[in-house]
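One structure is given below, encoded as C-alpha cells.
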Amino acid sequence: LALLLAACQPREPEIQHLDGQIFGTFYQISLPGSLGKDELARLREGIEAELEAVDASMSTYRDDSELMRLNRQPVGQWLELSAELMTVLSAAQQVAEASDGAFDITVGALVNLWSFGPEARPSRIPEPDELAARLAQSGHTHLQLDQQQHRARRLSDHFVDLSGIAKGYGVDRVSAWLLAQGQDNHLVNIGGDLVGLGERRPGQPWRIGVELPDSSQTQVARHILPIHDLSVATSGDYRNFFEDDGQRYSHTIDPRSGQPMQHRLASVTVLHPSNMLADAWATALMVVGPEQAQELARQQNLMVLLLSREPDGRWSSWSSPALDEQFDSETLKPLSS
Ligand code: ADP
C-alpha cells in the first residue's frame, strides 16, 4: 500500500530518484549526491535485477514463479527451494507462531475468494460453503519447512500467498545491494514500505510521513518521523478494499474466520531493522485488532504506531513503548486530527 509519503521531502536537486513499477505497485529509490548518468543507469539495472529476482521467486501473479511451483506441488511432497524463498517462508512462519496464527501465508485461497488475489473477479461476498471449504485447508501449521535441506511441503491443499511479506523482503534486498555498491545513504520505497539508511543530507535524517487513513483524502500525513537506519511498513484497510451494501471489506483476512477484518483499527505502522519483518508484523497486528495489537507490540517489543477511527469520527494514534523510546513525544505528536 502506498500509505507512506516518502515524498514528504520535496524533490530537491541534490537528491536523485529512480522510479519504476514492480509487484503491482511502484518503487522509488532516493539517492543523495550527484551521481553521473552512467552510474545511475548501472544502479537502476542492478536494482531492477534484484526486484526481478524476488518477483520470479515469490509472485503469485506468474505461473512460472518458484512459489507457484510450491502451490502446484502435490500435497505431502517435498519441493527443494532457493535460499531466498526459504528465508521469507521461515520469517513468515516465525511471525505466524509469534502472532498465534494471525499472520498466515496459507490464507491465499481465502484472499482469492475475497477477490484480492490473482484469481481476481468482480467483487462479491463468497458463498459460505465455499469459504468453509477453503478455510478447512488453510492454517500455517499445514506448511512444513525443512531448513536443513532447503525444502518445503504443503500438508493440505492450501495456496501460499506472500503478499504480506515479500515486498518488505524486496526492500531489504535492494537496500543491501545498494549498500554493497557503496551507496551508504539511500531511501528505498516499494509501494509505501520503506527503508532509510544513512542520511538525506549531512546531519539530516530521511523523513517519512505516516498517512491519515482516510480513503476519501489523498495522502495527508498525520505523523512525520525521522528515519535513520530503520525500515517502516504499514498495513491499512483504506486503500485496498471493496464495498458491498455499505459494508467495507478489507484485504486483510482473519485466518481464523476466513473473513476480512472489520474493526476500528485503520492502519498499523511498524518500524524495524528488517523491512521483511516490519511488513509481516504490520499485517499480523492489523488482523488482531487494536487491543491485541497493543498487547503484542508490548510483548514483542515492537516499534508500532496504530491509527484508529473513534466513534465520534476522529482519529486516534497509539504508540508502543518501544516507539516512545525511539522518538520523543514532540516527534510522535499528530499533525492533525
Ligand atoms: P500491502 O501488500 O497492500 O502493503 P499488507 O502488507 O498488509 O498490504 O499485505 C496484505 C496482503 O497480505 C493481502 O492482500 C493478502 O494477499 C495477504 N494477506 C491477507 N491476510 C493475511 C494474513 N492474515 N496473513 C498473511 N497475509 C495475509
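Being over 23 Å from Gly170 (Cβ atoms), in contact (Cβ under 8 Å) with a residue 60 or more places away in the chain, in contact with a Lys or Arg (Cβ under 7 Å, 6 or more places away or on another chain) and away from the ligand (no atom under 16 Å from the Cβ): is that true of Leu307 here?
It is false that Leu307 is over 23 Å from Gly170 (Cβ atoms), in contact (Cβ under 8 Å) with a residue 60 or more places away in the chain, in contact with a Lys or Arg (Cβ under 7 Å, 6 or more places away or on another chain) and away from the ligand (no atom under 16 Å from the Cβ).
The requirement of being of a type in the set (A, V, I, L, M), over 17 Å from Phe26 (Cα atoms) and part of a loop (DSSP other than H, G, I, E, B) is fulfilled somewhere in region 207-230, by at least one residue. Considered as a group, the residues in region 67-94 that are within 21 Å of Asn275 (Cβ to Cβ) and surrounded by fewer than 14 Cβ atoms within 10 Å (Cβ to Cβ) include one that is farthest from the ligand (Cβ to nearest atom), and that residue is Ala83.
Per the conditions (1) within 16 Å of the ligand (Cβ to nearest atom); (2) more than 21 Å from Ala293 (Cβ to Cβ), the sole criterion not satisfied by Asp229 is (1).
Could you please find all residues in region 100-109 being within 9 Å of the ligand (Cβ to nearest atom) and of a type outside the set (A, V, I, L, M)? Write out each step before concluding.
Step one: filter region 100-109 for residues within 9 Å of the ligand (Cβ to nearest atom), giving 101-108.
Hits for region 100-109 are Gly101, Phe103, Asp104, Thr106, Gly108.
Across region 294-334, what is the number of residues that are of a type in the set (Val, Ile, Thr) and farther than 21 Å from Arg264 by Cα?
Going through region 294-334 one residue at a time, the tally reaches 1.
Considering only residues that are free of Cβ contacts under 8 Å to residues at least 40 places away in the same chain and aliphatic (A, V, I, L, M), which ones fall in region 188-207? Once the filter is applied, which keeps residues that are free of Cβ contacts under 8 Å to residues at least 40 places away in the same chain and aliphatic (A, V, I, L, M), region 188-207 yields only Leu197. Kindly indicate whether any position in region 95-104 is within 20 Å of the chain's Cα centre (by Cα) and either among the aromatic types (Phe, Trp, Tyr) or farther than 23 Å from His272 by Cβ (or both). Looking for residues that are within 20 Å of the chain's Cα centre (by Cα) and either among the aromatic types (Phe, Trp, Tyr) or farther than 23 Å from His272 by Cβ (or both), one finds at least one in region 95-104, hence yes. A single member of Ala109, Ala96 is touching a His at 6+ places or on another chain (Cβ under 7 Å), in a helix (DSSP H, G or I) and at pLDDT below 95, and it is Ala109. Residues in region 136-186 that are under 29 Å from Pro202 (Cα atoms) and either more than 21 Å from the chain's Cα centre (by Cα) or of a type in the set (A, V, I, L, M, F, W, C) (or both): Val171, Val174, Ala176, Trp177, Leu178, Leu179, Ala180, Gln181, Gly182, Gln183, Asp184, Asn185. Residues in region 146-193 that are part of a strand (DSSP E or B) and either surrounded by fewer than 16 Cβ atoms within 10 Å (Cβ to Cβ) or charged (D, E, K, R) (or both): 5 in all. Entry remark, region 270-289: residues being among the small types (Gly, Ala, Ser) and farther than 15 Å from Val210 by Cβ number 4 in total.
Name the single residue that is farthest from Leu323 (Cα to Cα) among those in region 282-305 being touching a His at 6+ places or on another chain (Cβ under 7 Å) and part of a helix (DSSP H, G or I). Once the filter is applied, the top-ranked residue is Gly289.
The values are calculated or read from the model by the stated rules, or taken from the named source; none is laboratory data. All figures in this text were calculated on a predicted structure; none of them were measured in a lab. Reconstructed Cβ throughout: ideal geometry from the backbone, glycine too, with neighbour counts over all protein chains shown.
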